[in-house]
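Before any comments, here is the structure.
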Amino acid sequence: MPEPINTATFDAAFAALPRDFIASKPTCGMILGSGWSQALSDENVVARISYAAIPGLGSSAVAGHAGELRLIRCHDITLVAFCGRRHWYEGDGWTPVVLPVELMRRLGVHDVLLTNAAGGINPKLSPGDFLLVNDHINTAGINPLQGPVQAGWGPRFPDQSQVYNRDLRRMLLAAAKDAGIALTEGVYAFTAGPTYETPAEIRAYAAMGADAVGMSTVPDAMVANAAGLRVAALSCISNMAAGISGPHLSHEDVLAATQRATPVMHQLLDGFLARLAK
């Protein structure tokens, strides 16, 4: 069993943030998964800090994760963007995984957008497509809310009837429509990783109603929802899952697919922020 979440670590991480992050009072936050950080424009960055300088977070060991927290001003919205994320499979417990959500909560963020690269299960999806998550399946059976109740994370038994906020989803659908981007709504299946799934597992997840699969996002969403934040999530379909794709899956292919999709990622993020500003 991993060590339980330590509130003192949260305190130290918040204290390490530059004053600009706290004084600017961001209202929106993003956690950007594999390949997504490159979709943000540097010209809007007001301040930044390396993950290595934030106690309890530390740099991700996964390629494609920048490992930097940025303060951004765009469309009259002040937001914080966690460029890269930590994962359960890295073996350091839940603290680095959920720390970005807790920092956003302490900063006063109301709206959270989570992004990832995912394997496509629905045959209507192809690499380079985007999925707007409207629900999830926690196939791993692990949960960051297990253990002592953390202050600010809501009641012992948080409701998950609507984890992914309808208003935020409407904004993302509108942004995609205006940009001429096909955006499909669907269900994301979370696995613990770090292995890719077997063909048999993918068939099982498809039967359960999953449209895409990945190793992140759901723990972040569960904590943010429990803490009362509005949550939305986007997946870039970087490959088709095992048994649907070719004989081999690789992280290099995932990164290559997200790099090709960068211009579309930028349009989606920018259009979302423009609508959120209204």
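The values are calculated or read from the model by the stated rules, or taken from the named source; none is laboratory data. Keep in mind it's a predicted model, so treat the numbers as computed, not measured. In this analysis, Cβ positions are derived from the backbone assuming ideal geometry, glycine residues included, and neighbour counts consider all displayed protein chains.
If the Cβ limit is 7 Å and pairs must be 6+ apart or interchain, which residue in segment 11-37 that is under 18 Å from Ala227 (Cα atoms) pairs with which residue that is of a type in the set (Phe, Trp, Tyr) and modelled with pLDDT of 95 or more? Qualifying pairs under 7 Å: Met30/Phe82; Ile31/Phe82. Out of curiosity, is Pro2 assigned to a loop (DSSP other than H, G, I, E, B), touching a helix residue (DSSP H, G or I) at 6+ places or on another chain (Cβ under 9 Å) and at pLDDT 95 or above? For Pro2, the condition - assigned to a loop (DSSP other than H, G, I, E, B), touching a helix residue (DSSP H, G or I) at 6+ places or on another chain (Cβ under 9 Å) and at pLDDT 95 or above - is not met. Only a single criterion out of (1) over 17 Å from Asn134 (Cα atoms); (2) outside any helix (DSSP H, G or I) is not satisfied by Ile202, namely (2). Remark: pairs (first residue in segment 160-184, in contact (Cβ under 8 Å) with a residue 24 or more places away in the chain and within 21 Å of Pro127 (Cα to Cα); second residue acidic (Asp, Glu) and surrounded by 15 or more Cβ atoms within 10 Å (Cβ to Cβ); Cβ separation under 9 Å; 6+ apart in sequence or on different chains) = Ala175/Asp270; Ala179/Asp270; Ala182/Asp129; Leu183/Asp129; Thr184/Asp129; Thr184/Asp211. Against the test of being among the small types (Gly, Ala, Ser) and crowded, with 23+ Cβ neighbours inside 10 Å, the options Ala140, Ala117 yield a single qualifying residue, Ala117. In the set Tyr89, Tyr164, only one residue is of a type outside the set (D, E, K, R) and touching an Asp or Glu at 6+ places or on another chain (Cβ under 8 Å); that residue is Tyr164.
Considered as a group, the residues in segment 156-185 that are in a loop (DSSP other than H, G, I, E, B) and of a type in the set (A, V, I, L, M, F, W, C) include one that is farthest from the chain's Cα centre (by Cα), and that residue is Phe157. Any residue at all in segment 220-229 that is in a strand (DSSP E or B), modelled with pLDDT of 95 or more, closer than 23 Å to Arg86 by Cα and touching a Phe, Trp or Tyr at 6+ places or on another chain (Cβ under 9 Å)? No, segment 220-229 has no match at all. Output the qualifying pairs, or none if there are none: Cβ atoms under 7 angstrom, residues six or more apart or on different chains, first residue in segment 135-153 and more than 13 Å from Glu102 (Cα to Cα), second residue surrounded by fewer than 14 Cβ atoms within 10 Å (Cβ to Cβ). Close Cβ pairs satisfying both conditions: Ile137/Met208; Gly147/Pro4; Pro148/Pro4; Val149/Arg156.
Read through the list (1) among the aliphatic types (A, V, I, L, M); (2) modelled with pLDDT of 95 or more; (3) within 30 Å of Asn44 (Cα to Cα); (4) crowded, with 23+ Cβ neighbours inside 10 Å, then give the number of the only condition that Leu132 fails. Condition (4) is where Leu132 drops out. Test Gln146 against the stated conditions and say whether it is modelled with pLDDT under 95 and either farther than 18 Å from Met104 by Cβ or exposed (fewer than 14 other Cβ atoms within 10 Å of the Cβ) (or both). Judged against the criteria, Gln146 is a match.
Examine segment 212-225 for a residue that is surrounded by fewer than 16 Cβ atoms within 10 Å (Cβ to Cβ) and touching a residue at least 12 places away in the same chain (Cβ under 8 Å), and state whether such a residue exists. The answer is no, given that none of the residues of segment 212-225 is surrounded by fewer than 16 Cβ atoms within 10 Å (Cβ to Cβ) and touching a residue at least 12 places away in the same chain (Cβ under 8 Å).
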